[in-house]
Amino acid sequence: MSVDATQPYDVSNIFARILRGEIPCKKVYEDKHALAFHDINPQAPVHVLVIPKGAYVSMADFTALASSDEIAGFFLAVGKTAAQLQLVAPGYRILANSGFDSHQEVSHLHVHIFGGTALGPMLALAT
Ligand code: 5GP
């Protein structure tokens, strides 16, 4: 089911539970601001999710409410994660779904990192 990105943060969402250590993840990178881990259902040879440690539903929420430190720290973590995965030279794609039209499924902001193969066109044609 798609997330309503305008709703308040739901502390029981799956990524909040991963952050609290209640369910496991295959960790790739972690620092003060962010955690990166492999997607449970990969859509590319490399498919990693990067999430901020703060409680933010979506990019709208994050950019409206997070501190500059959190925002900078999060995007630095995305770059560091991709570098750690050795994706800089071959290239990679980042994507963040936000709200109904994007089909966001988990109500904690996350950036997908895809790589490990030629990824083809950016989007299937939307009609
Ligand atoms: P969205 O559609 O919200 O942008 O993407 C959510 C992503 O979270 C999906 O790619 C899905 O496979 C992944 N995901 C959902 N539940 C879990 C989980 O429990 N663990 C991990 N590692 N990934 C998950």
Taking the stretch 17-45 as the region of interest, how many residues are in a helix (DSSP H, G or I), touching a residue at least 12 places away in the same chain (Cβ under 8 Å) and either more than 11 Å from the ligand (Cβ to nearest atom) or surrounded by fewer than 16 Cβ atoms within 10 Å (Cβ to Cβ) (or both)? 1
Given the structure, is residue 120 loosely packed, with under 13 Cβ neighbours inside 10 Å and more than 16 Å from the ligand (Cβ to nearest atom)? yes
Given the criterion more than 16 Å from residue 9 (Cα to Cα), without any contact (Cβ under 8 Å) to a residue 40 or more places away in the chain, aliphatic (A, V, I, L, M) and surrounded by 16 or more Cβ atoms within 10 Å (Cβ to Cβ), identify the matching residue among 77, 82, 66, 89. 82
Can you tell me which residues in the stretch 28-40 are in contact with a strand residue (DSSP E or B) (Cβ under 8 Å, 6 or more places away or on another chain) and either of a type in the set (Phe, Trp, Tyr) or farther than 20 Å from residue 88 by Cβ (or both)? 29, 33, 35, 37
For residue 50, indicate whether it is in contact with a strand residue (DSSP E or B) (Cβ under 9 Å, 6 or more places away or on another chain) and crowded, with 19+ Cβ neighbours inside 10 Å. yes
Residues being outside any strand (DSSP E or B) and either touching a residue at least 60 places away in the same chain (Cβ under 8 Å) or within 29 Å of residue 9 (Cβ to Cβ) (or both) - total across the stretch 106-121: 8
For residues in the stretch 92-105 being in contact (Cβ under 8 Å) with a residue 40 or more places away in the chain and assigned to a loop (DSSP other than H, G, I, E, B), which is surrounded by the most Cβ atoms within 10 Å (Cβ to Cβ)? 104
Could you please let me know if residue 57 is under 12 Å from the mean Cα position of the chain (by Cα), near the ligand (Cβ under 10 Å from one of its atoms), aliphatic (A, V, I, L, M) and modelled with pLDDT of 95 or more? no
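The values are calculated or read from the model by the stated rules, or taken from the named source; none is laboratory data. On a predicted model such as this, the values are computed, not experimentally measured, just so you know. Counting neighbours? That spans all protein chains shown, and the Cβs are built from the backbone with ideal geometry, glycine included.
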